[in-house]
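Here is the structure we will look at, set down as structure tokens.
The values are calculated or read from the model by the stated rules, or taken from the named source; none is laboratory data. If you're wondering where the values come from, they're calculated on a predicted model, not measured in any experiment. Glycine gets a Cβ as well: all are built from the backbone with ideal geometry, and neighbour counts include every protein chain shown. What goes into the accessible areas is simple: the full protein's heavy atoms, side chains included, and nothing from ligands, DNA or RNA. Shrake-Rupley method; radii C 1.70, N 1.55, O 1.52, S 1.80 Å.
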Amino acid sequence: QVQLQESGPGLVKPSQTLSLTCTVSGGSITTNYYYWSWFRQPPGKGLEWIGYITYGGSTYYSSSLKSRTSISRDTSKNQFTLKLSSVTPEDTAVYYCARHYAIQTLYDYWGQGTQVTVSS
């Protein structure tokens, strides 16, 4: 049974960098051919895909967020991280990590989500 758990500060100040970690248990983030994604859902809005890191460490980001987004991983801890720079209150959302197989967009495992508020 694969489990994903998001963690990180719940409050970030404007202009700072949002940093979240997804810890994976029950499966390795290096296993062929899984991709590991970040999503977010602002209050009152739909789910937005942010980007992913693959089993091999390649990354790909949403065009709207690419300039501010960095996803990395620590294979020794079975974790992958999201960094979103220069945040504004518009980045306030519940952030999720999730798994899917290769380039498919069917997500079989999700974290419970973590609230991040951008405010001074």
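Looking only at region 91-106, which residues are part of a strand (DSSP E or B) and open to solvent by 10 Å² or more (accessible area, probe 1.4 Å)?
Passing the criteria: Val94, Tyr96, Arg99, Tyr101.
A single member of Val87, Val116 is farther than 22 Å from Ser28 by Cα, in a loop (DSSP other than H, G, I, E, B) and open to solvent by less than 70 Å² (accessible area, probe 1.4 Å), and it is Val87.
Checked against (1) in contact (Cβ under 8 Å) with a residue 60 or more places away in the chain; (2) open to solvent by 60 Å² or more (accessible area, probe 1.4 Å); (3) part of a loop (DSSP other than H, G, I, E, B); (4) not charged (D, E, K, R), Pro43 passes all but a single condition, namely (1).
Put simply, of Ser7, Ser63, Ser28 the only residue that is open to solvent by 60 Å² or more (accessible area, probe 1.4 Å) and small (Gly, Ala, Ser) is Ser63.
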